[in-house]
Amino acid sequence: MPQRRELGRSGLQVFPLCLGGNVFGWGADEAASHDVLDAYADGGGNFIDSANVYSAWVEGNSGGESEEIIGRWLRSRHDRDDMIVATKVGMAGAGLEEGLSRDQIRRGAEESLQRLGADRIDLYYAHRDDRATPLGETLAAFGELVDEGLVGTIAASNYSAKRLTEALEISAGEGLPRYEALQPHYNLLERDDYEGGPEQVCRDQGLGVAPYFSLARGFLTGKYRPGQPTPDSPRARGVIASFMNARGEAVLSALDAVSEAHDATPAQVSIAWLMQREGVTSPIASATTVAQVEDLLGAVAIELTADEFRTLDRAAVA
């Protein structure tokens, strides 16, 4: 089984691939979601990511659907202690307004715990920075939950380097729990937001890193190709508009070459690149079928050579 990695200084030992729960309850119904979770756990995985807002953007949903599905799966498998479940608060959904005030965090935690059927959230993220609420209030609210045993470790998502640094300084100065990890938008193609500042903060402060959109909304799987038919959907059109250009094609070409050398898929190589990026702990990737889970798990066994890593890097920054 692949060696697990400590997430920051939290003591949490996580699988090097985190399973994203954002598709549960819309991209995959409950039965399919449970099959995906089973396949991930059977493959050695122990790190599941969700949020109270998943999936409020879908017609007929209000948020919390992903947590409910994960909660019922955990109860059916009877191995809750073997899994590390992360969820988030701060975006509008599941009856909560956007923000990280004390009341929003308290209510968010209590309601997420109920949906998960759990007595503790292993890893609780501030989903998005809230500049209208003092960082001290946000961190103190998280601290209350940690002191009460309702939350194990706290983390941040979508924070700039400046705001992450400020939060860490407040935690140190006021004796409050600190963010032990960052969840940034980061992949082989989309790099500026993380590499432009938060990366160095995470390295200097020993924070874990769990990137989301690890496959650039599916582009890095190789399913979008010049001259090939693509789905006619807003999502597909957005992916094509963002990545179907000379740089994107260069990355696909590099992925194809490295994939062939490893008898692997472009998705596996893209995830392996993130796994081997210094400072990255556990990239997040979602799946709607067991076959997709098995493909993603194959990334864990890939060891890119230094030349392959540089080849991918050069293509992505060209």
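The values are calculated or read from the model by the stated rules, or taken from the named source; none is laboratory data. Fair warning: this is a prediction, and the values are worked out from it, not measured in the lab. Using ideal geometry, Cβ is built from the backbone for each residue, glycine included, and neighbour counts are taken over all protein chains shown.
Condition check ((1) without any contact (Cβ under 8 Å) to a residue 60 or more places away in the chain; (2) closer than 29 Å to Thr87 by Cβ) across all residues:
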| residue | (1), (2) |
| --- | --- |
| Pro226 | yes, no |
| Arg237 | yes, no |
| Ser282 | no, yes |
| Asp295 | yes, yes |
**Report entry** Single condition Glu166 does not satisfy, out of (1) surrounded by fewer than 22 Cβ atoms within 10 Å (Cβ to Cβ); (2) modelled with pLDDT of 95 or more; (3) in a loop (DSSP other than H, G, I, E, B)
**Finding:** (3)
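Please find, within the range 190-204, the residue that is surrounded by the fewest Cβ atoms within 10 Å (Cβ to Cβ) out of those that are in a helix (DSSP H, G or I) and in contact (Cβ under 8 Å) with a residue 40 or more places away in the chain.
Restricting attention to the range 190-204, the residues satisfying the condition of being in a helix (DSSP H, G or I) are 192-195, 198-204.
From the residues that got through so far, the ones that are in contact (Cβ under 8 Å) with a residue 40 or more places away in the chain too are 199, 201-203.
On the way: Glu199: 22, Val201: 18, Cys202: 23, Arg203: 12.
Per the criteria, the residue is Arg203.
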Requested in this report: For residues that are in contact (Cβ under 8 Å) with a residue 40 or more places away in the chain, surrounded by fewer than 24 Cβ atoms within 10 Å (Cβ to Cβ) and more than 16 Å from Asp122 (Cβ to Cβ), scanning just the range 1-24, find the one that is farthest from the chain's Cα centre (by Cα).
Outcome: Met1
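Out of Arg128, Arg120, Arg102, Arg106, I need the residue that is touching a Leu at 6+ places or on another chain (Cβ under 7 Å), of a type in the set (Lys, Arg) and in contact (Cβ under 8 Å) with a residue 12 or more places away in the chain. Which one? Let's see the steps before the verdict.
Values: Arg128 fails: touching a Leu at 6+ places or on another chain (Cβ under 7 Å); Arg102 fails: touching a Leu at 6+ places or on another chain (Cβ under 7 Å); Arg106 fails: touching a Leu at 6+ places or on another chain (Cβ under 7 Å).
From the options Arg128, Arg120, Arg102, Arg106, the qualifying one is Arg120.
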Query raised in the report: Which residues, counting only those in the range 57-67, are at negative phi and surrounded by fewer than 20 Cβ atoms within 10 Å (Cβ to Cβ)?
Result: Trp57, Val58, Glu59, Asn61, Ser62
Report summary line: Exactly one of Ala28, Ala92 is touching a residue at least 24 places away in the same chain (Cβ under 8 Å), touching a helix residue (DSSP H, G or I) at 6+ places or on another chain (Cβ under 8 Å) and surrounded by fewer than 23 Cβ atoms within 10 Å (Cβ to Cβ), and that residue is Ala28
Report task. Give the residue, chosen from Thr133, Thr153, Thr138, that is touching a Pro at 6+ places or on another chain (Cβ under 9 Å), modelled with pLDDT of 95 or more and of a type in the set (Ser, Thr, Tyr). Result -> Thr153
Requested in this report: Any residue in the range 160-189 that's free of Cβ contacts under 8 Å to residues at least 24 places away in the same chain: show its pairings with residues that are not in a helix (DSSP H, G or I) at Cβ separation under 9 Å, as long as the two are six or more apart or on different chains.
Outcome: Ala172/Arg178
